[in-house]
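To start, the structure itself, in structure tokens.
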Amino acid sequence: MSQPVHHPPALPPMPDRTPKALRAAIAEHAPALLDDFDAHWKRAIGDAFDLGPVPAFLALWWTEYAVARDPELDRRVSALEEQAVEARDNETAMALLEEATRLRRRAGMAEPGQ
């Protein structure tokens with residue numbers, strides 16, 4: 001008798017690359033991030049007449065959502081960051097943080113719909 005094949009659940013797709021669509025995706029699929037997203041929006045953008053900070057805001061939260069929507073990736077990144085905090089030497093800590101950053105960067109490259 002064959003063993004059942006376990007398939008991980010499909011990741012929610014990345015939303016359109018707009019603050020409104022990203023907020024809706026966070027609210028639906030990563031609600032633990034929503035309060036921080038809203039607070040950051042109010043602090044960084046608020047009622048600003050200068051929309052210059054929006055691209056940087058969107059890039060940051062795009063990556064945060066891309067990581068959070070994948071529980072396995074989120075656990076891996078968090079574990080690397082925790083190991084870096086506990087590392088006994090700077091070289092090890094830096095290597096762990098570089099790996100976490102690489103994973104975040106790769107996740108942040110996801111396109112809408114992916």
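The values are calculated or read from the model by the stated rules, or taken from the named source; none is laboratory data. What you are looking at is a predicted structure, and each value in this text was computed from that prediction instead of being measured. When we count neighbours, we look across all protein chains shown, and the Cβ atoms used for this are built from the backbone with ideal geometry, even at glycine.
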Tell me, which residue of the range 61-89 that is surrounded by fewer than 19 Cβ atoms within 10 Å (Cβ to Cβ) and within 8 Å of the chain's Cα centre (by Cα) is nearest to Met109 (Cα to Cα)?
Thr63
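Quick check on the range 10-20. Is at least one of its residues of a type outside the set (Phe, Trp, Tyr), in a helix (DSSP H, G or I), without any contact (Cβ under 8 Å) to a residue 60 or more places away in the chain and surrounded by 12 or more Cβ atoms within 10 Å (Cβ to Cβ)? Quick ask: steps written out before the conclusion?
Step one: of the range 10-20, the residues of a type outside the set (Phe, Trp, Tyr) are 10-20.
Next cut, in a helix (DSSP H, G or I) only: 19-20.
Okay, now just the ones that are also without any contact (Cβ under 8 Å) to a residue 60 or more places away in the chain, so 19-20.
Still in the list and also surrounded by 12 or more Cβ atoms within 10 Å (Cβ to Cβ): 19.
Checking the range 10-20: at least one residue is of a type outside the set (Phe, Trp, Tyr), in a helix (DSSP H, G or I), without any contact (Cβ under 8 Å) to a residue 60 or more places away in the chain and surrounded by 12 or more Cβ atoms within 10 Å (Cβ to Cβ).
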So the check is Cβ under 6 Å with 6+ separation or different chains; which pairs have a first residue in the range 91-103 that's closer than 10 Å to Leu80 by Cα and a second one that's not aliphatic (A, V, I, L, M)?
Leu96/Gln83; Ala100/Glu81
Long-range neighbours under 8 Å by Cβ, at least six apart or interchain, first residue free of Cβ contacts under 8 Å to residues at least 60 places away in the same chain within the range 24-39, second among the β-branched types (Val, Ile, Thr) and in a helix (DSSP H, G or I):
Leu33/Ile26; Leu34/Ile26; Phe37/Ile26
Has the range 64-79 got at least one residue that is part of a helix (DSSP H, G or I) and in contact with an Asp or Glu (Cβ under 7 Å, 6 or more places away or on another chain)?
yes
Filter result for Ala100 (modelled with pLDDT under 95 and either at negative phi or surrounded by fewer than 17 Cβ atoms within 10 Å (Cβ to Cβ) (or both)):
no
